[in-house]
Every structure is written in structure tokens, then in C-alpha cells.
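Below is one structure, written out as C-alpha cells; comments come after it.
Readers should treat all values here as calculations from the given coordinates under stated rules, not as data from a laboratory. Not measured: the values here are computed from a predicted model. All Cβ positions, glycine included, derive from the backbone under ideal geometry; neighbour counts span all protein chains shown.
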Amino acid sequence: NAGVTQTPKFQVLKTGQSMTLQCAQDMNHNSMYWYRQDPGMGLRLIYYSASEGTTDKGEVPNGYNVSRLNKREFSLRLESAAPSQTSVYFCASSEALRTDNSPLHFGNGTRLTVT
Amino acid sequence: EDKVVQSPLSLVVHEGDTVTLNCSYEVTNFRSLLWYKQEKKAPTFLFMLTSSGIEKKSGRLSSILDKKELFSILNITATQTGDSAVYLCAVVPIQGAQKLVFGQGTRLTINP
């Protein structure tokens, strides 16, 4: 049972380059999330998708775009990478935004460095 | 502004010791509190707490919530080197997981 799968695991970009981080879940969850984790800052929400066909901004959306391709897949795109986007990115999913019976399940993360 | 503060930020103990990790919060319209363990990669779910005073237990780990004083503790007894990790606390408000607020985490190191 794979759970939440993220690709790639590592990436180095030059300033101004673009890339897409991929995420797929096989738990039939409705809601999906993208977080970034920086030292001393905890996890911060970039974008989320409450259900297939919807996406909304989180706490730190600037410089990112997302696509909920289908129920399984939720991608995060950096159009013009900046050094401030150096971080570890986590994708997560849950049955619904109401997490009473379904906490968030996380992928293994993508470590992104922008030089 | 909603806030979750964990303490200590870092803790080093010897194998066999008991540790208590703290999580205090200021969140309007609280719904539940989550504890996660993060080793090298994905945070993995430990506990969800919604009611005060009810201890959740899993092996050597236990956790309890105090909604009056706005805090939770995570206890680990008879620690093992495999317990070394960052422990994350997060609070879910009524609006849902899109408003989930994480603390900074406590880095726990267990020395043999």
C-alpha cells in the first residue's frame, strides 16, 4: 500500500527555472495539500484541494500554482524559482477537510534547492 | 492569529528515560489536536485528541489534552533509540484541515 507518493525526491534548480512536483495518493482521499517545511517554521500550507476540481490558497501561495489533475493526483508548479523557495515540500491527503476520522497522511517529501 | 508552540525545541536523553513533550495552542474554534512523529521523511500520525482528560495510548506513547488550559502533552516511557525523531503537534480548527496550524516541532534524541 503506497499511500502518498511524491516525485522527485531531490531537485536542484537555478533561479528562474521552472519545475513541477508530482503527488499521487491511492487511498481514495478527497482532500489533498501541499506544505513546505523550513527550519524553525514548522509546516506551512501552500495550496490545498478540498475535492476533485477545486483548489484554494493556503498560508504561503505566492510563487506557486497547483493542479488537481484527478482525484488521485495533485501537482505543485514553480514557474520561476527563487532561492527563498529552497525548502522541503510535502504533499498530504485526507478523506475530507473535516479530519475527525481521517488525519492527514504525508508523502516522503521533495528536497528542493534553488541556487 | 492562531498559534501552536511546542517545548522544548530540542531534548537529548538516555535510553530508558521517560520524556514529556509539550504543546500549547491559541486557536479559535478548536476542533482537534494531532501528534505526528517525523523521522527522516514523512510525518507519521500518532494520535488525534478531541476531548479533555481522555488519555490516548499506543505502547510506550501516551497523550492527553487539556482544553481549559489549552495544551497537550506527549509522554514516552522507557525510551529507545528508535524514538529519536522530530515530534510535531498540530491543531485543527472547526473550519477544517485547510486551517491546520503546526508547531515548530520538538527534536528528540535518544542516546544509547
Applied in sequence order to the stretch B:101-112, the curve 6.51 cos²θ - 1.76 cosθ + 1.60 (Karplus, θ = phi - 60°) yields integer Hz couplings, x standing for Gly and Pro, of 10, 9, x, 6, x, 10, 8, 9, 10, 10, 8, x
Listed residues A:PRO83, A:THR5, A:GLY53: farthest to the positive end of the dipole of chain A (Cβ charges) | A:PRO83
Distance (nanometres) between label positions extended 7 Å along Cα→Cβ at B:LYS68 and A:LYS57 = 4.1
Fewest-first sequence of B:LYS68, A:LYS71, B:LYS99 by Cβ atoms within 10 Å of each Cβ | B:LYS68, A:LYS71, B:LYS99
For A:GLN17, residues with placed amide H under 5 Å, excluding near neighbours | A:ALA81
Which aspartates and glutamates does A:LYS71 reach when only Cα atoms under 20 Å apart count, and residues fewer than 8 places away in its own chain are ignored?
-> A:ASP26, A:GLU52, A:ASP56, A:GLU95
Sorted from fewest to most neighbouring beta carbons within 10 Å, what does the list A:PHE74, B:PHE102, B:PHE71 look like?
-> B:PHE71, B:PHE102, A:PHE74
Relative contact order as a percentage, chain A, C-alpha pairs under 8 Å and 6+ apart, gives 36
Using the Karplus equation 6.51 cos²θ - 1.76 cosθ + 1.60 (θ = phi - 60°), what ³J(HN,Hα) coupling, rounded to whole Hz, does each residue of the stretch B:62-68 give in order, writing x for Gly and Pro?
-> 8, 8, 9, 10, 10, 7, 6
Could you pull out which residues in the stretch A:24-60 have an amide N less than 16 Å from a spot 7 Å beyond the Cα of A:LYS9, following the Cα-Cβ vector?
-> none
Among B:PRO93, B:SER7, B:LEU74 the positive-end extreme of the charge dipole of the stretch B:4-112 (Cβ point charges) = B:PRO93
Hey, what did the stretch B:16-58 get for relative contact order, percent, Cα under 8 Å, at least 6 apart?
-> 28
Would you list B:GLU69, B:GLU1, B:GLU39, A:GLU59 from fewest to most Cβ contacts within 10 Å?
-> B:GLU1, B:GLU69, B:GLU39, A:GLU59
Amide H contacts under 5 Å for A:TYR47, placed H, 5+ residues apart | A:TRP34, A:GLY58
Treating only the Cβ atoms of Lys and Arg (+1) and Asp and Glu (-1) as charged, compute the dipole magnitude of chain A about its Cα centre; round to the nearest 20 debye.
-> 280
Can you pick out the pairs among A:LYS9/B:LYS40; B:LYS37/B:LYS57; B:LYS3/B:LYS40 whose Cα atoms lie more than 19 Å from each other?
-> B:LYS3/B:LYS40
Mind listing the long-range amide H neighbours of B:GLN104? Cut-off is under 5 Å, sequence gap 5 or more, other chains count too, H placed in the peptide plane at 1.01 Å from N.
-> B:GLN6
